[in-house]
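Asks: Dropping the structure in here first, questions after.
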Amino acid sequence: MHTFLYPQKDTYITNEVGYVNKNFGIDEILELKAHPNVTRTTIYYQSSSISQSVYTNLELNNFTGNISGSSTSIDSSGYANLKFISNSSISFTGSLIDQATITGSINGVILNNTYSASILNGITYGSSGQQSVTLSNVSGSLNGFSGSFVGSLNVTGSLIGNFTGSINNASGSLNNFYGCISGFVYGTQSLYIPYFTYIDVPDFSRILIKFDTTEISKSISNGSITSDVTFKLKLKTTQASELPVDYTVYGYPISQSWNMGIGRFSTGGDLVGASWNNKTESGSLWYVSGSNITTGTSASINQGGTWYNTVPLTYQYKSSSFCTSSFTGSSLICSQSYDYTTSDINMDITSIVKGWICGCVPNEGIILISSLESSTTNGIDSTVKFFSKETNTIYQPYIDISWNDSIYTTGSMIPLTGIVPYTVVMQNLSKEYKFGSIPRINVFAREKFPLKNFTKGYQQNSYLSSSLLPSASYYCVKDNESENIVIDFDDNTKLSSDGNIHYFKIDTTGLPVERFYRILIKTTFNNQTDIFDNGNIFKITR
């Protein structure tokens, strides 16, 4: 038998730039992503130098380095015109001749070891050593000036200190200059070509999903569900891109509580709810750097959730048919590998659910992580999107809970041989079933063309009594409109036999309501498989 358990909450988290603190709890999709995101940094003219020997026309952007020289000769074509645009300090060494012009924004120090006396407003400075003066809103000429200057300046001699403004028609040397030079530069240049640095910072997305197992635990305890039960997590793909031929999706039990939140990616997400960095809201980090991690758990230093790998040593064994001592310390890692298969998730998570029900680990849900996260440096760029619990379709995630409830009693039933044609039909299938009901559906089988016999009782028995199908006979349930397989043929959909007729039971609790379903029967004789689709359709009503 199969029954379905739907999520209590779900969301996905991502470290994409701008979204590490954002929640997408009510998005209609869940995203699993491994996307390489290489960041490029551009550096211009790093550690460059200019020495005076040739005449050139040059403009430097974001220059940082040294400009030096001492000759004051000027080419006949005119003065050197220098333009710097920069935010860094530049060191000037040498002399700036009278009437030379530098245009641009200069932040730096102009150095020279020769000083001459300067007169400002009738006061002589520099005759007895370097003196300090502050100037504001001043125009004119300065000789032997040292300090900070803002504005335009015609210089004879050299400047020592910080300068912001324009210098026009200048010659001499510049050291550690950072800015823009435009126009003509008289001298030689030795400049590094701009270069780039690349840092691989891939984007990851992981899925968080939680189920309430309270009722399932009760059903196991009272025997309604047998101890050989299997739990499979199922998610339906809505979009997939750039997937490789083979990869693996891993599932781990989450080790901390988290908040689903109410964010949407389309509106930028929300700060309340689980995100890449936080469990519940901004500031509630998944992992605090330097803190201890419980034995058996894993965490990423860069956040992204925390989870259990194995059953912790602190687990106290609970004796029951479902929880065995051998489970202590066992692995809690579940996975599904893909190799030329659909990207839908159909992962056996029995060990995780057992861990929850037995109390080995707290039920905080499952985190799904792609193996491609470790392959982004090889150019892998994959994204898979699944329907979430908020979807308005029949494809929301669920756990398919199944166990073998079949009983095979032959009684007086005559076995079919499979050699002659035979037919299989439903006898008591209703057109509608109430949601939550568990109807028994009888399956009648007989030879398609019974041999005629003049004995009346024998002839009636051939048409009215069901023959015995092989024990390897199964049922399947499909959504009649979408053709989506809801319950597939497997070991937990075997037909039962009570000695008179075959039958099976359907738990309608997990089937979406107000939809029509179709039943198929599969039998195997002598390695030959037959599937019967007689258009047996029923509806689940509210």
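The values are calculated or read from the model by the stated rules, or taken from the named source; none is laboratory data. Predicted model, so just to flag it, every value in this text is computed and none were measured. Positions of Cβ are generated from backbone atoms using ideal geometry, with glycine treated the same way; all protein chains shown enter the neighbour counts.
Asks: Give me the residue from region 379-406 that is outside any loop (DSSP other than H, G, I, E, B) and not hydrophobic (A, V, I, L, M, F, W, C) and, out of that set, surrounded by the fewest Cβ atoms within 10 Å (Cβ to Cβ). Talk me through it step by step, then tell me what you get.
Replies: Step one: list which residues in region 379-406 are outside any loop (DSSP other than H, G, I, E, B), which gives 382-387, 398-402.
Next, only the ones that are not hydrophobic (A, V, I, L, M, F, W, C) stay: 382-383, 385, 398, 400, 402.
Values: Ser382: 20, Thr383: 18, Lys385: 21, Tyr398: 20, Asp400: 21, Ser402: 22.
Checked region 379-406; the qualifying residue surrounded by the fewest Cβ atoms within 10 Å (Cβ to Cβ) is Thr383.
Asks: I've got another one for you. Kindly provide the set of residues from region 336-367 that are part of a loop (DSSP other than H, G, I, E, B) and of a type outside the set (D, E, K, R), ordered by number.
Replies: Tyr340, Thr341, Thr342, Ser343, Ile349, Gly359, Cys360, Val361, Pro362, Asn363, Gly365
Asks: Please specify each residue of region 335-347 satisfying the condition of being within 8 Å of Leu233 (Cβ to Cβ) and buried (at least 16 other Cβ atoms within 10 Å of the Cβ).
Replies: Answer for region 335-347, where residues must be within 8 Å of Leu233 (Cβ to Cβ) and buried (at least 16 other Cβ atoms within 10 Å of the Cβ): Ile345, Met347.
Asks: Does at least one position in region 407-414 carry a residue that is of a type in the set (A, V, I, L, M) and either surrounded by 17 or more Cβ atoms within 10 Å (Cβ to Cβ) or more than 26 Å from His2 (Cβ to Cβ) (or both)?
Replies: Scanning region 407-414, I find at least one residue that is of a type in the set (A, V, I, L, M) and either surrounded by 17 or more Cβ atoms within 10 Å (Cβ to Cβ) or more than 26 Å from His2 (Cβ to Cβ) (or both), so the answer is yes.
Asks: OK, next. What are the pairs with Cβ atoms under 9 angstrom where one residue, in region 500-527, is within 15 Å of Ser482 (Cα to Cα) and acidic (Asp, Glu) and the other, located anywhere, is modelled with pLDDT of 90 or more and surrounded by 20 or more Cβ atoms within 10 Å (Cβ to Cβ)? Sequence gap at least six, or different chains.
Replies: Glu514/Ile540
Asks: So, in region 517-537, how many residues would count as being within 13 Å of Leu429 (Cα to Cα) and not aliphatic (A, V, I, L, M)?
Replies: Adding up the residues that qualify gives 5.
To keep it simple, each residue is scored yes or no on (1) more than 16 Å from the chain's Cα centre (by Cα); (2) farther than 24 Å from Thr391 by Cβ; (3) surrounded by fewer than 22 Cβ atoms within 10 Å (Cβ to Cβ).
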site	(1), (2), (3)
Ser219	yes, yes, yes
Ser224	yes, yes, yes
Phe231	yes, no, no
Lys234	yes, no, yes
Thr237	no, no, yes
Ser241	no, no, yes
Val249	no, no, no
Gly261	yes, no, no
Tyr287	yes, yes, yes
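Asks: Are any of the residues in region 265-279 closer than 30 Å to Asp339 by Cα and surrounded by 20 or more Cβ atoms within 10 Å (Cβ to Cβ)?
Replies: Taking region 265-279 as the starting set, the residues that turn out to be closer than 30 Å to Asp339 by Cα are 276.
Subsequent filtering for residues that are surrounded by 20 or more Cβ atoms within 10 Å (Cβ to Cβ) retains 276.
Yes, region 265-279 has at least one match.
Asks: Continuing with the same structure: Can Ile531 be described as surrounded by 15 or more Cβ atoms within 10 Å (Cβ to Cβ), modelled with pLDDT of 90 or more and aliphatic (A, V, I, L, M)? If you could, list the steps in order and put the result at the bottom.
Replies: Details: surrounded by 15 or more Cβ atoms within 10 Å (Cβ to Cβ): no; modelled with pLDDT of 90 or more: yes; aliphatic (A, V, I, L, M): yes.
No: the conditions fail for Ile531.
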